[in-house]
Amino acid sequence: IMSALPILSVIVPVYNVARFLPSLLTKLSHQTLKNLEVILVCDGNDEDFEICHQFVKSDNRFSLISNVKKGPGGARNAGLDKASGEFIFFCDADDKVDDDFCEKMIKPFLVDRIISFTTCGTQIVFESRVDEERQIVDDRYFAIPPKGKHFIKQNIFGGLNVGVWNKIYRKDLIQKYAIRFPENLYNEDAYFNWCYWAVSECFYSLPDVKYFYVRRDDSLMGQTFRKNLG
């Protein structure tokens, strides 16, 4: 039975990603977990808006916020303000997810109410030439603990990747501690996660690869790694 409110809010910042967007939004509309909403926060070009409107028109679980213009952090904050789900998933518009990503990532919360967040295995997909050296570093960085529940210890800071897109969070914790993303700043994921982890009790690790992060040549991350900042 579908409840009146979605159990999961998926927040997708959209900015000049028209070549990736239809593929991701199709995947989100076909998720095996049906009881979700997809909030598109579009600051992009006309093509981005056109694609967003098509999905909003064809699936009543999709909605659109436009012209926030405060970077990825501000877009996610705008999505959080509108989210009505019990759980939150921040998905990047140029990435890919498995059809059962949402269902598998939500399940541990429903079994054990003290879990603060879930995380899954991530595969980095290079848009053009595969950088083998970079891939070795990626595989090490995105490695996660064995399957199951893990209590938060100090070593999570620096020991777990800071991407927000391969995790699902509890909205009640975000609201209770007023956790927000910094706006118009790079590396806003790290700030959000460190704040969230500081008030978390434990997390559930699902090592199966369910999220595919596309490393674009022209993305902020791509530029950062080209500067060898690590």
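The values are calculated or read from the model by the stated rules, or taken from the named source; none is laboratory data. Source: prediction; values computed, not measured. Cβ atoms come from the backbone with ideal geometry, glycine included; neighbour counts cover every protein chain shown. The protein model used for the area step is the full one, side chains on, heavy atoms only, and it has no ligands, DNA or RNA in it. Shrake-Rupley method; radii C 1.70, N 1.55, O 1.52, S 1.80 Å.
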Restricting the search to segment 145-167, which residues are within 16 Å of Ile115 (Cα to Cα) and either in contact with a Leu (Cβ under 7 Å, 6 or more places away or on another chain) or in a helix (DSSP H, G or I) (or both)? Lys147, Ile156
Among (1) aliphatic (A, V, I, L, M); (2) in contact (Cβ under 8 Å) with a residue 24 or more places away in the chain; (3) over 19 Å from Glu183 (Cα atoms), there is one condition Val56 misses while meeting the rest; what is its number? (2)
Filter segment 128-144 down to residues that are assigned to a loop (DSSP other than H, G, I, E, B) and of a type in the set (A, V, I, L, M) and give me whichever is surrounded by the fewest Cβ atoms within 10 Å (Cβ to Cβ). Val130
Ala4 fails exactly one of the following numbered conditions: (1) surrounded by 20 or more Cβ atoms within 10 Å (Cβ to Cβ); (2) in a loop (DSSP other than H, G, I, E, B). What is the number of that condition? (1)
Could you list, in sequence order, all residues of segment 72-109 that are farther than 25 Å from Leu206 by Cα and basic (Lys, Arg)? Lys82
Of all residues in segment 209-222, how many are surrounded by 14 or more Cβ atoms within 10 Å (Cβ to Cβ) and either in a strand (DSSP E or B) or at pLDDT 65 or above (or both)? 7
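State yes or no: is Pro22 under 14 Å from the mean Cα position of the chain (by Cα), open to solvent by 10 Å² or more (accessible area, probe 1.4 Å), closer than 22 Å to Arg216 by Cβ and not hydroxyl-bearing (Ser, Thr, Tyr)? Full working, then the answer.
Numbers: under 14 Å from the mean Cα position of the chain (by Cα): no; open to solvent by 10 Å² or more (accessible area, probe 1.4 Å): yes; closer than 22 Å to Arg216 by Cβ: yes; not hydroxyl-bearing (Ser, Thr, Tyr): yes.
For Pro22, the condition - under 14 Å from the mean Cα position of the chain (by Cα), open to solvent by 10 Å² or more (accessible area, probe 1.4 Å), closer than 22 Å to Arg216 by Cβ and not hydroxyl-bearing (Ser, Thr, Tyr) - is not met.
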In this structure, is Leu33 part of a loop (DSSP other than H, G, I, E, B) and surrounded by fewer than 17 Cβ atoms within 10 Å (Cβ to Cβ)? no
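Going by the structure shown, is Glu188 open to solvent by 70 Å² or more (accessible area, probe 1.4 Å) and either over 15 Å from Phe87 (Cα atoms) or in contact with an Asp or Glu (Cβ under 7 Å, 6 or more places away or on another chain) (or both)? Break it down into steps so the answer makes sense when it comes.
Details: open to solvent by 70 Å² or more (accessible area, probe 1.4 Å): no; either over 15 Å from Phe87 (Cα atoms) or in contact with an Asp or Glu (Cβ under 7 Å, 6 or more places away or on another chain) (or both): yes.
No: the conditions fail for Glu188.
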For Ile11, are the conditions met, namely being farther than 22 Å from Arg215 by Cβ and at pLDDT 95 or above? no
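Given the criterion buried (at least 16 other Cβ atoms within 10 Å of the Cβ) and among the β-branched types (Val, Ile, Thr), identify the matching residue among Ile174, Ile114. Break it down stepwise before answering.
On the way: Ile114 fails: buried (at least 16 other Cβ atoms within 10 Å of the Cβ).
Just a single option satisfies the conditions, and that option is Ile174.
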Test: residue in segment 57-65 that is under 18 Å from the mean Cα position of the chain (by Cα), of a type in the set (S, T, N, Q) and closer than 16 Å to Asp95 by Cβ: no
Do you know which of the residues in segment 59-100 that are among the aliphatic types (A, V, I, L, M), over 17 Å from Tyr177 (Cα atoms) and touching a residue at least 60 places away in the same chain (Cβ under 8 Å) is surrounded by the most Cβ atoms within 10 Å (Cβ to Cβ)? Ala75
Do we find a residue being part of a helix (DSSP H, G or I) and closer than 14 Å to Val214 by Cβ anywhere in segment 113-127? no
